[in-house]
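What follows is a short report on a single structure.
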Amino acid sequence: MTKGKVYFVGAGPGDVGLITVKGQKAIEKADVILYDRLLNPKLLEAAAFDCELIYCGKTPYTTGISQGEINELLVSKALEGHRVVRLKGGDPAVFGRVGEEAESLKDEGIPFEVIPGVTSSIAASMYAGVPVTHRDYGRSFAMVTGHDQTKKDIDWNGLVSIDTVAFYMGVANLPSIRENLINHGKPGNTPALVIQWGTYGRQESVEGTLDDIVERVSGRSLGNPAITLVGDIISLRGKLQWFERKPLYGQRFLVARTGTAKSALAEALYELGGEVIEFPKWNAAKVKIEESQLLAFLSYDRILFTSPESVHGFLDSLTEHAIDFRRISSKLYVLSRKSKKALQQRGLTAELKSGMPEAGTLLVVGDRNRDLRDLAHGDGDYIQSITKFVDERFLEIFPRMLDGKAVGTVLFSNRHSVDMLMQYGNKADVDVEGLLKQASIGVIGESTGNRLQDYGFTSDMMPKEPSVEQLVDLILNRNVC
């Protein structure tokens, strides 16, 4: 069997937008991905459905999977002929042990490639409003591991002469770091900044000086993962803050998903600075439709599409059989603006179901089995153009996505999203009911709110018109007096 290849990929510090294009492509093409704790699990959604996902995360002061076991996994999966991605938070070459792992591959004659990522100290600092270099404040910059086992080997005399120093994972040893810096000549009034979960919406920053930073961090109960920054350049933070001034900064959202299409709601919240978790993760597979069936469907007076996926499944089948879209004489209708947009992208126009007349033959094109179709869509004939299913690999990942700061707001975009979060959240061993009791709940419209009430919950936010824009406006304005 031909040997595979291993790609060491830097996932960046947390914001999914900071993955490199090359890193993203490596994830998409991988057969196996070994991933760490300190990366955004949302990056794994780009992996193929048949890609094996292996969690290699270790939490502080726990054993977890050993480095030796990780090395053995890389070797064994590559020797099986797989394209393997070793996905690491930040940059794999900055305290990422890529050297050790690459050496194990070299010893076995296995080819590898390293794809750098954005390292945490540089990204987290800038997201907190601090550039790590500046011609007036800092012409030198050092990155140092803050772990206990290495602090005795640090050249403290050399560090105090560096303008800006970033300590990785040094919160537990912050008293020792402060003591050593001051004892070796760093003034006690030197600015210091600790940034926890940098570049995530849950990012939290504590600013002070070497004299008082330990007490300030302790008062806020910050812990790892965190970057500790020391240097006069921190004084620029007041002028250059941008991320922490976004309107939804510090807020964490859970958006219940019902399809494979990108969520406009999740995208809007992310752009406004919120941290957004989406669940469940969905995949889709095409349903084979015979040419004779397709031609017969084009004679209906009305065609109603129940989802964007059903649109693409139906039109892809037409394309596969070389049937010209111009042969569609039916009036087209959709349940959502997202489905309407999917048709527009393919050169077709449609109206919302609310404007659909009762007269004429009706074909409902859906993404569920006939037995599961929603009778509220109409009493016409039914065809399934695509099948959607929940990606159960993410049932294991979902509880880890919820780690850290509590979810403050849960959002539902339709009735089906309520059922899916309840069903698959509980299947993932997450206490969904407990989560909803502690969170604020938003729904897109009355029907969704009614379904939520069936489970014993009441929504806190519902726009007058069922639109993403209006729901986002409610979220933005809920704390405005």
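What do you reckon, is ARG368 within 24 Å of ALA284 (Cα to Cα) and either of a type in the set (D, E, K, R) or part of a loop (DSSP other than H, G, I, E, B) (or both)? Give the derivation first.
Numbers: within 24 Å of ALA284 (Cα to Cα): yes; either of a type in the set (D, E, K, R) or part of a loop (DSSP other than H, G, I, E, B) (or both): yes.
Spelling it out, ARG368 is indeed within 24 Å of ALA284 (Cα to Cα) and either of a type in the set (D, E, K, R) or part of a loop (DSSP other than H, G, I, E, B) (or both).
Which condition from (1) modelled with pLDDT of 95 or more; (2) farther than 30 Å from PHE394 by Cα; (3) open to solvent by 40 Å² or more (accessible area, probe 1.4 Å) is the one that ALA172 breaks?
Only one criterion in (1) modelled with pLDDT of 95 or more; (2) farther than 30 Å from PHE394 by Cα; (3) open to solvent by 40 Å² or more (accessible area, probe 1.4 Å) is unmet by ALA172, namely (1).
Would you be able to say whether some residue in the range 332-341 is among the hydroxyl-bearing types (Ser, Thr, Tyr) and in contact with a Lys or Arg (Cβ under 6 Å, 6 or more places away or on another chain)? Working first, answer last.
Within the range 332-341, the first condition is being among the hydroxyl-bearing types (Ser, Thr, Tyr), and the residues that meet it are 333, 336, 339.
Pick out the ones that are also in contact with a Lys or Arg (Cβ under 6 Å, 6 or more places away or on another chain) and you get 333.
Yes, there is a match, as at least one residue in the range 332-341 is among the hydroxyl-bearing types (Ser, Thr, Tyr) and in contact with a Lys or Arg (Cβ under 6 Å, 6 or more places away or on another chain).
All but one of (1) outside any loop (DSSP other than H, G, I, E, B); (2) modelled with pLDDT under 95; (3) not basic (Lys, Arg) hold for THR59; which doesn't?
Here THR59 meets the rest and fails (1).
Would you confirm whether any residue within the range 383-392 is open to solvent by 50 Å² or more (accessible area, probe 1.4 Å) and touching a strand residue (DSSP E or B) at 6+ places or on another chain (Cβ under 8 Å)?
Yes: one or more hits.
Does the range 295-304 contain any residue that is out of contact with any His (no Cβ under 9 Å at 6 or more places or on another chain), in a helix (DSSP H, G or I) and either open to solvent by less than 60 Å² (accessible area, probe 1.4 Å) or among the small types (Gly, Ala, Ser) (or both)? Steps first, answer last, please.
Filtering the range 295-304 for residues out of contact with any His (no Cβ under 9 Å at 6 or more places or on another chain) gives 296-303.
Those still in the list that are in a helix (DSSP H, G or I) too: 296-297.
Next, only the ones that are either open to solvent by less than 60 Å² (accessible area, probe 1.4 Å) or among the small types (Gly, Ala, Ser) (or both) stay: 296-297.
Within the range 295-304 (the criterion being out of contact with any His (no Cβ under 9 Å at 6 or more places or on another chain), in a helix (DSSP H, G or I) and either open to solvent by less than 60 Å² (accessible area, probe 1.4 Å) or among the small types (Gly, Ala, Ser) (or both)), the answer is yes, since at least one residue qualifies.
Return yes when SER440 is among the small types (Gly, Ala, Ser), surrounded by 13 or more Cβ atoms within 10 Å (Cβ to Cβ) and touching a helix residue (DSSP H, G or I) at 6+ places or on another chain (Cβ under 6 Å) and no when it is not.
no
Output the number of residues of the range 12-39 satisfying the condition of being β-branched (Val, Ile, Thr) and open to solvent by 10 Å² or more (accessible area, probe 1.4 Å).
Number satisfying all stated conditions: 4.
If I ask for residues that are assigned to a loop (DSSP other than H, G, I, E, B), open to solvent by less than 30 Å² (accessible area, probe 1.4 Å), more than 20 Å from ARG245 (Cβ to Cβ) and at pLDDT 95 or above, which ones from the range 187-227 would you list?
Hits for the range 187-227 are GLY188, THR190, LEU210.
Select from the range 69-127 the residues that are open to solvent by 60 Å² or more (accessible area, probe 1.4 Å) and either among the aliphatic types (A, V, I, L, M) or at positive phi (or both) and list them in ascending order.
Residues satisfying the conditions are LEU79, ALA93, PHE95, ARG97, VAL114, ILE122, MET126.
Can you tell me which residue in the range 422-433 is nearest to ALA256 (Cα to Cα), limited to those that are out of contact with any strand residue (DSSP E or B) (no Cβ under 7 Å at 6 or more places or on another chain) and either in a loop (DSSP other than H, G, I, E, B) or open to solvent by 20 Å² or more (accessible area, probe 1.4 Å) (or both)?
GLN423
Can you name every residue in the range 1-11 that is modelled with pLDDT under 95 and either crowded, with 24+ Cβ neighbours inside 10 Å or hydrophobic (A, V, I, L, M, F, W, C) (or both)?
Residue satisfying the conditions is MET1 alone.
Among the numbered conditions (1) assigned to a helix (DSSP H, G or I); (2) surrounded by 19 or more Cβ atoms within 10 Å (Cβ to Cβ), tell me where LEU254 comes up short.
Tallying (1) assigned to a helix (DSSP H, G or I); (2) surrounded by 19 or more Cβ atoms within 10 Å (Cβ to Cβ), LEU254 fails exactly one: (1).
Any idea which of (1) open to solvent by 30 Å² or more (accessible area, probe 1.4 Å); (2) in a loop (DSSP other than H, G, I, E, B) is the one ASP419 doesn't satisfy?
(2)
Can you tell me which residue is farthest from ALA266 (Cα to Cα) among those in the range 452-481 that are in contact with a strand residue (DSSP E or B) (Cβ under 8 Å, 6 or more places away or on another chain) and in a helix (DSSP H, G or I)?
If we take residues in the range 452-481 being in contact with a strand residue (DSSP E or B) (Cβ under 8 Å, 6 or more places away or on another chain) and in a helix (DSSP H, G or I), then LEU452 is farthest from ALA266 (Cα to Cα).
Of the numbered conditions (1) in a loop (DSSP other than H, G, I, E, B); (2) out of contact with any Asp or Glu (no Cβ under 7 Å at 6 or more places or on another chain), LEU269 fails exactly one; give the number of that condition.
Status for LEU269: all satisfied but (1).
The values are calculated or read from the model by the stated rules, or taken from the named source; none is laboratory data. No experiment lies behind these values; they were computed from the predicted model shown. FYI the Cβ positions are ideal-geometry reconstructions off the backbone, even for glycines, and counts take in every protein chain you see. Surface accessibility is based on the protein's heavy atoms, side chains included, excluding ligands, DNA and RNA. Shrake-Rupley method; radii C 1.70, N 1.55, O 1.52, S 1.80 Å.
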